[in-house]
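Please treat every number below as a calculation from the coordinates, not as lab data. Being a predicted model, the structure only gives us computed values, none of them experimental. Every residue, glycine as well, gets a Cβ built from its backbone with ideal geometry; the counts of neighbours run over all protein chains shown.
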Ligand code: ADP
């Protein structure tokens, strides 16, 4: 590994670049890994090939040597001593190597072009001794891989049981050596070429696969610097990278949406609180311009109080939303008869609706239990009824229903008011969103009621919907999962299982 930049600095620039590229980039490290793996594989294959091939080649050489030595030895043994020289002379003419005959006294009796005694150090002498004792011995002079090496056989020539001479046949292993030399040279060159090719292929592949990473880095930097509209445009055939690009784009999009809504929320909240503050300031300034009667001060204070109450409502609403968004909305959950809750809230509103000549019709089923916070759920029904009251025209009807829908309780509030234009429906549950803000504000609304309803319903595991048509009234539907106590749940599960078993048995 690179130990430090200091030693790197001493390298010439192009080499330094290559070393840096190899060790500090993913693609470089991948190329190095390819080289290392291929080198290890080639080394292993080379060693294996060497062991197997040398054994086979030398076995073949030994067998041939043994065959030739045994043949000539038996001929010598069968012929009288004076003919040995001539026989060996003829043999050595055709034999591709050295021939030497050593007498029992250790003196050479016949030597072809080169003598074998004295070559290869003590091994040849030991082979001579073993042959003198009647054994056939093989020996190699020096290491087999060096040039001019010889593979030598020492075979005893006997008269009866007595060893009278030892015949040495030595074959030069240069050819074998040269064969292995060329084999390793060609193998090495091919291995080196294949290592370079595969390292280059790995490098190029990694570079191509990592191409989008550069764009990701650039876009992530731009987004971090505040340009939230930037998106990744790279297209990758690699599934992992394609998934990463899609996920990141989705993340950037959500981030932008969240930033935008945060910005809008802050702007809306300040705006909503600024208006009553400006009104209050103006009224107080006008009042203080001259001396007034006590009754006039009292009237101004009463107006201020109502403005402060409105601001208090907005701040409370903001607090509820902030807590819900942070997952800190405190809920005191218990089993609640939701039908009864709806009926109670509805009945409290009957008088108010009647004062506007609006008929509030209530229909709520009995025995529908949900697990929830009583006050929060009351707040939902209250907000929806409050809106219906605000928008229902005189002499119309508002229907409040609570009934079972599958495994959910469904609360509906329907009025015959002006309805909500279709384009506003997708945003109606966003904080401060009001299709007609001036009219809504004049009626005391800040556009937080439905947003709060949605948060409360969400934390109860339910959902809220709106159906509306301009001029044809509005219907809000709140779904909350019904509460099934543990023992009832277990009983139902058992019944369902029994039913399915009995069906299968039938
Ligand atoms: P607000 O306090 O302003 O009423 P909400 O969040 O309760 O705020 O409602 C947001 C907007 O949705 C209202 O300003 C109004 O335009 C519209 N809206 C809510 N309920 C109804 C309804 N029953 N009929 C018509 N419009 C409605």
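Across the stretch 37-84, the fraction of Cα-Cα pairs farther apart than 18 Å, rounded to a whole number, is 57%.
So in the chain, what percent of DSSP beta bridges are antiparallel if you round to the nearest 5? Antiparallel bridges: around 90 percent, rounded to the nearest 5.
Dividing the Cα convex hull volume of the stretch 377-505 by residue count, how many Å³ per residue is that? Numbers along the way, then the final one.
Numbers: hull volume 17.6 nm³, N = 129.
Expressed per residue, the convex hull around the Cα atoms of the stretch 377-505 is 136 Å³.
Here the spin labels are modelled as points 7 Å beyond Cα on the Cα-Cβ line, and at residue 126 and residue 262 they lie 8.4 nm apart.
Residue ranges 302-312, 425-435 sort as 425-435, 302-312 when ordered by packing (mean number of other C-beta atoms within 10 Å per residue, highest first).
With all pairs of separate Cα atoms included, the stretch 440-499 yields a Kirkwood hydrodynamic radius of 14.9 Å. Each pair of Cα atoms in the stretch 181-308 enters the Kirkwood radius, and Stokes-Einstein at 20 °C and 1.002 mPa s then converts it into a translational diffusion coefficient of 100 µm²/s. With a ≥ b ≥ c taken as the square roots of the eigenvalues of the C-alpha gyration tensor of the stretch 317-369, please select rounded if a/c is under 1.5 and otherwise prolate if a/b is larger than b/c or oblate if it is not? Taking the square roots of the gyration eigenvalues as a ≥ b ≥ c, the stretch 317-369 is oblate. Mean separation of Cα pairs under 8 Å and 6 or more residues apart, divided by the residue count, gives the stretch 341-395 a relative contact order of 49 percent. Along each principal axis, taking the top coordinate minus the bottom one, the Cα set of the stretch 297-342 gives 50, 30, 12 Å in descending order.
Annotation for residue 498 and residue 302: the two label points, set 7 Å from Cα along the Cα-Cβ direction, are 6.9 nm apart.
Rounded to the nearest whole angstrom, the semi-axes of the ellipsoid equivalent to the stretch 273-407, taken from the Cα gyration tensor as √(5λ), stand at 38, 22, 11, largest first. Annotation for residue 35 and residue 424: the two label points, set 7 Å from Cα along the Cα-Cβ direction, are 7.0 nm apart. The alpha carbons of the stretch 159-230 occupy a box of 106, 23, 13 Å along the principal axes, longest dimension given first.
Distance distribution note for the stretch 336-424: the fraction of Cα pairs above 17 angstrom is 47%.
What order, most packed first, do the peptides 185-193, 25-33, 102-110 have when packing is the mean number of other Cβ atoms within 10 Å of each residue?
Values: 185-193: 12.0, 25-33: 16.9, 102-110: 14.8.
Most protected by this proxy first, the peptides run 25-33, 102-110, 185-193.
Computed over the chain, the P(r) tail beyond 40 angstrom holds 63 percent of alpha carbon pairs.
With helices as the sole contributors, the chain gives -20500 deg cm²/dmol at 222 nm; each DSSP H run of n ≥ 4 counts as -39500 (n - 2.57), and the sum is divided by every residue. As a length-normalised measure over Cα pairs under 8 Å and 6 or more apart, the relative contact order of the chain settles at 9 percent. Taking 4 °C and 1.567 mPa s as conditions, the stretch 55-116 diffuses translationally at an estimated 103 µm²/s according to Stokes-Einstein applied to its Kirkwood radius (Cα pairs).
Taking all Cα pairs closer than 8 Å and separated by 6 or more residues, the relative contact order of the stretch 309-439 comes to 22 percent.
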